[in-house]
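S.K.: Before I ask anything, here is the structure I am working with.
Please treat every number below as a calculation from the coordinates, not as lab data. In this text the structure is predicted, and so the values were computed from the model without any measurement. We place every Cβ from the backbone using ideal geometry, glycine too, and count neighbours over all the protein chains shown.
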Amino acid sequence: MSNKIVLLPGDGIGPEIMAEALKVLELADKKFKLNLKFDEDLIGGCAIDAHGVPLANSTLEKCQQADAVLMGAVGGPKWDSMDASIRPEKGLLKIRYEMGLYANLRPALLYPQLADASSLKPELVAGLDILIVRELTGGIYFGEPRGIRLLDNGERQGYNTYVYAEHEVERIGRTAFEMARKRGNRVCSVDKANVLEATVLWREVMQSLSREYSDVELSHMYVDNAAMQLVRAPKQFDVIVTGNMFGDILSDTAAMLTGSIGMLPSASLNNASRGLYEPVHGSAPDIAGQDVANPLAMILSAAMMLRYSLDQTKAADAIEKAVGSVLDKGLRSADIYAEGSTKVGTRQMGDAVVQALNEV
Ligand code: NAD
């Protein structure tokens, strides 16, 4: 049986980096007999241009039937002034919501070869390996009621609702505990239980769930402290689990600890381990079309896809090893370039990973 993969390159640098990931996947397919079947479609600004909406229903249906979806990035200045209801980012929110992708896994792993690329001192970040598990389909980003209303005094008031039901907290908690079992056996749950009732409940659910995972150590931290600790002593963390908004912010902080956003993959999974895989970064319109974007986050997202949705551990390991070996050879895209290394473009970097994968 074939493994159906929908490819959604998106906008900006999306198509350039997707082309490199596809080269790598095609070789992995041959080498490890993965039986991959690719189907490419549109999301984001390019879908607005073609269909008037950022995610056509036909594209969504394809994604729902696929074994996994691999996405580049969406958005760009061309669509910035459009009505909020059809902005490129709406396509992304829709696909996450409709596919039930509630668990966002964002590893922040610092390749030892890139320890100098971090803005923190190398000794603080060398060997950093954190996994942030962010709840993705609930919380304040989706809570109702929401909007901007007119008050009696004529002033406008913006409002949103921070909501989490017990089952939403429990399922993301389970993901975090299960992931911790495959890593360092520690989960830090981040909340704001001193101020927000929604997160008092979050903490209670995490505590009661932890009884099922007595082998995993659970700790709790307020989000303001977590933000401080991430830049003070980031290596204290193993798995961090948190809600949608806190996770959005903390995972970008963790990303920067590793030096470049161009190195970081992510996975968003549903109950059936079907998922959407994408680099953490956006569409980088400032460098699009120049063959300078770093394709490694995209390639590592493809490796995560093989690992989590297709259960192809060997192929995923081989791709990650190939990326490591390219870095060992001193090849660097512009975003991670340091004196003494060899600067390469997007295509050259992709070709180098293909060559290294051939040799693994
Ligand atoms: P961005 O991540 O696109 O870019 C931030 C900076 O990082 C830029 O200087 C960019 O050149 C650089 N960068 C990003 N990826 C890189 C790579 N692979 N290699 C080298 N350098 C890289 O964020 P932004 O500038 O805030 O947003 C640009 C557009 O992307 C916006 O329209 C935004 O809405 C969208 N966006 C999309 C997603 C997504 O699709 N998941 C995520 C974030 C932002």
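S.K.: How far, in nm, would the chain grow between ARG174 and SER208 when pulled straight, counting 0.36 nm per residue and subtracting the alpha carbon separation?
M.R.: So the extension gain works out to 11.1 nm.
S.K.: Figure the gain on full extension for ASN194 and VAL360 (residue separation times 0.36 nm, minus the Cα-Cα span) and round it to one decimal in nm.
M.R.: Details: separation 166, 0.36 × 166 = 59.76 nm, distance 5.07 nm.
Contour length minus Cα-Cα distance gives 54.7 nm.
S.K.: Cβ under 13 Å from SER266's Cβ, SER266 left aside: what net charge do those residues give with Lys, Arg +1 and Asp, Glu -1? Write down the numbers at each step before the final one.
M.R.: Working: positive: ARG96, ARG106, ARG134, ARG307; negative: ASP248, ASP252, GLU278.
With Lys, Arg at +1 and Asp, Glu at -1, the net is +1.
S.K.: If I model a spin label at LYS78 and ASN160 as a point 7 Å from the Cα along the Cα→Cβ vector, what separation in nanometres do I get?
M.R.: That separation, rounded to one decimal, is 2.8 nm.
S.K.: Same structure again: Using a cut-off of 11 Å between beta-carbons, work out the net charge of the residues near ASP41 (Lys and Arg +1, Asp and Glu -1, ASP41 not included). Let's see the in-between values first.
M.R.: Numbers: positive: LYS62; negative: ASP39, GLU40, GLU61.
Summing Lys and Arg as +1 and Asp and Glu as -1 gives -2.
S.K.: Still on this structure, please answer the following. Can you classify the range 1-110 as rounded, prolate or oblate using the Cα gyration tensor, where a ≥ b ≥ c are the square roots of its eigenvalues, rounded means a/c under 1.5, and otherwise it's prolate if a/b beats b/c and oblate if not? All intermediate terms of the calculation are to be shown ahead of the outcome.
M.R.: Working: a/c = 1.74, a/b = 1.61, b/c = 1.08.
Prolate, since a/c reaches 1.5 and a/b exceeds b/c.
S.K.: What are the DSSP H helices in the chain that stretch 24 Å or more along their long axis, judged by alpha-carbon atoms, and whose average Kyte-Doolittle hydropathy comes to at least 0.0?
M.R.: On the way: long enough: 14-32 (26 Å, 0.13).
Helices meeting the criterion: 14-32.
S.K.: Charges only on Cβ, +1 for Lys and Arg, -1 for Asp and Glu: so what's the dipole of the chain about the Cα centre, in debye to the nearest 20? Working shown, then result.
M.R.: On the way: 37 positive and 47 negative charges, 121 e Å.
Charge dipole of the chain: 580 debye, to the nearest 20.
S.K.: Another one. To one decimal place, what orientation-averaged projected area in nm² is obtained for the convex hull of the Cα set of the range 62-195? Kindly include the intermediate steps, with their values, before the conclusion.
M.R.: Values: hull surface 54.4 nm².
Spelled out: convex hull of the Cα atoms, projected over all directions, averaged, 13.6 nm².
S.K.: List the GluC sites (Glu not before Pro) within the range 139-183 that DSSP assigns to loop and that have no more than 10 neighbouring Cβ atoms inside 10 Å.
M.R.: GLU155
S.K.: Tell me which of MET298, PRO279, VAL326 sits at the most positive position along the dipole axis of the range 277-360, charges placed on C-beta atoms (Lys, Arg +1; Asp, Glu -1).
M.R.: Selected residue: VAL326.
S.K.: Something else now. Only sites in a loop by DSSP and with at most 12 other Cβ atoms within 10 Å count here; which trypsin sites (Lys or Arg not before Pro) in the range 13-47 make the cut?
M.R.: Here the sparse-neighbourhood loop sites are LYS33.
S.K.: Under the rule of -39500 (n - 2.57) per DSSP H run of 4 or more residues, summed and divided by the residues of the chain, what mean residue ellipticity at 222 nm is obtained, to the nearest 500 deg cm²/dmol? Please list the in-between numbers first.
M.R.: On the way: 12 runs with 147 residues, N = 360.
Per the formula, -12500 deg cm²/dmol.
S.K.: Separate question: How large is the Kirkwood hydrodynamic radius of the chain, in angstrom, based on all distinct alpha carbon pairs? Intermediate results must be reported in sequence, preceding the final value.
M.R.: Details: mean 1/r = 0.0475 Å⁻¹.
Radius from the Kirkwood sum: 21.1 Å.
S.K.: Label the range 243-282 by shape, choosing from rounded, prolate and oblate, from the square roots a ≥ b ≥ c of the eigenvalues of the Cα gyration tensor; if a/c is under 1.5 it is rounded, and otherwise prolate applies when a/b is larger than b/c, oblate when it is not. Spell out each step's value before the answer.
M.R.: Working: a/c = 3.05, a/b = 1.50, b/c = 2.04.
Taking the square roots of the gyration eigenvalues as a ≥ b ≥ c, the range 243-282 is oblate.
S.K.: What distance in nm separates the two pseudo spin-label positions at LEU150 and ASN57, each 7 Å out from Cα along the beta-carbon direction?
M.R.: 3.5
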